[in-house]
1. Which length gain, in nm to one decimal place, applies between Lys39 and Met186 when the Cα-Cα distance is subtracted from 0.36 nm times their residue separation?
2. For the charge dipole of the chain, defined by +1 on Lys and Arg C-beta atoms and -1 on Asp and Glu C-beta atoms about the Cα centroid, which residue among Asn461, Gly220, Ile161 has the Cα displaced farthest towards the positive pole?
3. Can you pull out the trypsin sites (Lys or Arg not before Pro) in the stretch 40-79 that DSSP calls coil and that have at most 14 other Cβ atoms within 10 Å?
4. Using θ = phi - 60° and the Karplus form 6.51 cos²θ - 1.76 cosθ + 1.60, what ³J(HN,Hα) does each residue of the stretch 343-360 get, whole Hz, x for Gly and Pro?
5. What nm distance separates the two modelled labels at Ala51 and Ala11, each placed 7 Å from Cα along Cα→Cβ?
6. Quick one: Kirkwood hydrodynamic radius for the stretch 114-203, alpha-carbon pairs, angstrom, one decimal?
7. Note down the relative contact order for the chain as a percent, whole number, built from C-alpha pairs under 8 angstrom at least six residues apart.
8. What number, in percent, do you get for the relative contact order of the stretch 299-371 if the mean sequence gap of Cα pairs under 8 Å and at least 6 apart is divided by its residue count?
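FYI, it's all coordinate maths here, none of it is from the lab. As the structure is a computational prediction, the values presented were derived from the model and not from experiment. Here the Cβ is made from the backbone with ideal geometry for all residues, glycine too, and neighbour counts use every protein chain on show.
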Amino acid sequence: MAQFVKLNPEALKELRTVNPCLMSYNVEMTEVTGGTFWKAYTPEQIAGTEAFPPIKGFHEMAGLMQWYDPIDTKNPRLLKLAKEFGPVWVRVSGTWATKTYYDFDNTGAPEGYQNVLKKEQWISLLDFVKAVGAKLLISVANCEGLHSADEPWNPSQAEKIFALSTEHGVPISAVEFTNEPNMMEMTGFPKGYTPAHFRRDQDLFHAWVRKNYPDCLVVGPCTTDASAIQMGPNDKGGAGIGDIMPSCTTGDLMDGCTEKVDVFSYHYYNGISERLASVMPNAHWQPGQATSESYLAMAGACARAFAPYRDKYCPGGEMWVTESGDAGGGGDTWASTYLDVFRTLNELGDFATVTDGVIFHNTLASSDYGFLKHGTFVPRPNYFAVLLWQRLMGTTVYDTEVPVVEGAHVYAHSRKEGRDGVVYLVINNSLTDVTTVELPKDGELYVLSADGLRAPVMKLNGKELVLGENDELPELAPAKAAAGKVELAPATCTFIVL
């Protein structure tokens with residue numbers, strides 16, 4: 001049904017002020033060291049003309065991966081495009097990090113570790129963080145090579161990476177103990193590890209951080225926990241693979257801990273990608289659902305479900321989504337296309353109405369859900385969508401009092417850099433109907449669209465967003481709009497500056 005929205009910026013009520021680094025991203029530890037990650041989809045799979053071949057079980061997951069050399073963090077295009085975002089957090093973690101040995105003296109890794117981080121690799125990552133003006137969040141090793149389940153965690157590895165980072169002038173500003181600890185065995189913990197072992201060791205780690213690096217934020221528990229979310233019978237899970245194969249809950253990992261976290265964190269994905277859909281069909285969304293109300297509601301539903309955990313374990317603190325994306329398992333076939341822009345922008349807008357915090361998109365430049373294509377660093381539609389968010393949306397969040405319905409997801413923020421005025425984001429997720437917006441005064445429109453939902457290139461006010469000569473960014477210029485009624489076409493996302 002066609003919608004009509006009357007904007008009234010004078011009547012807006014302030015909800016909160018959000019973290020200026022709300023939009024941030026992950027660089028997986030496997031990218032830094034080199035390692036296995038999800039294979040790229042074929043052009044035909046991305047276009048939706050070729051089905052992804054099913055697998056028979058999780059024992060075939062290795063066949064969905066491939067080896068990637070370390071990311072070139074000195075690449076001029078990567079540095080230029082990442083720097084355009086302005087201040088962000090960069091998270092270096094992932095399951096790979098839990099089993100990584102910091103071989104900074106080139107002596108080789110002892111038994112019990114799966115992966116190796118070299119000194120020059122970490123320094124290259126630190127140089128990247130510094131060059132793009134970011135702050136650094138990591139997780140640390142906690143595997144059989146460091147200690148057995150019955151032995152308490154020790155700081156011999158953590159001290160190496162904290163000390164080198166500090167010495168190099170890029171201190172670790174925030175830390176999670178481990179990645180997705182609710183999946184005990186899958187995340188790489190010592191054999192026989194239990195929630196009780198985790199609570200013991202997380203307390204030891206947090207106490208060590210506070211004693212030795214008091215300026216570093218302690219963040220946790222970094223879970224994927226479907227038990228937090230009361231879903232309807234036809235809804236998909238919103239936490240990725242942890243929805244399907246959890247070993248324990250957030251409460252199991254946090255109840256009884258003596259060291260409180262400074263920031264509460266969790267992971268959120270809309271579901272499971274095509275790669276794993278054949279073994280977890282109830283967790284996979286079909287592409288025809290990617291603009292639906294139930295699909296777009298997932299991010300906000302997760303934030304509202306996890307907020308009571310934040311209030312319990314970190315009262316008054318921020319809530320960070322330290323991994324987020326369209327689908328666990330490297331992203332859906334449409335993750336690199338215009339079709340995922342609706343979810344990405346709606347997630348930022350909806351999350352900011354619920355709480356203050358940071359969303360770490362997974363990833364900057366790896367797999368199909370990366371903002372940039374792996375290897376070439378060519379920007380995808382989501383890159384330009386969040387770049388516009390970064391340039392336009394300020395930190396003051398307003399209650400628009402516009403009900404969320406198909407064709408009218410309306411969010412409002414202050415203007416960036418404290419300029420007078422308001423910026424609205426209006427998402428018309430209807431694929432058939434025009435949404436009419438009445439402007440109270442003259443404004444500027446940034447209308448995002450594409451020639452097709454699964455188009456690999458997005459348009460701004462009708463012009464394709466692609467890099468120019470010498471990687472020059474396309475002009476992100478608005479169209480003028482006079483006071484009165486403006487029609488927003490179906491399947492568009494529009495920033496309106498008043």
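1. On the way: separation 147, 0.36 × 147 = 52.92 nm, distance 1.95 nm.
Full extension of this stretch gives 51.0 nm more.
2. So the residue we want is Asn461.
3. On the way: sites: Lys56, Lys74, Arg77; in loops: Lys56, Lys74.
Filter output for the stretch 40-79: Lys56, Lys74.
4. Whole-Hz 3J(HN,Hα) from phi for the stretch 343-360: 5, 4, 5, 5, 4, 4, x, 5, 4, 5, 7, 9, 7, 9, x, 9, 10, 9.
5. 5.1
6. On the way: mean 1/r = 0.0703 Å⁻¹.
Computed over the stretch 114-203, the radius equals 14.2 Å.
7. On the way: 1123 pairs, mean separation 85.2, N = 498.
Computed value for the chain: 17 percent relative contact order.
8. Values: 80 pairs, mean separation 31.4, N = 73.
After rounding, I find 43 percent.
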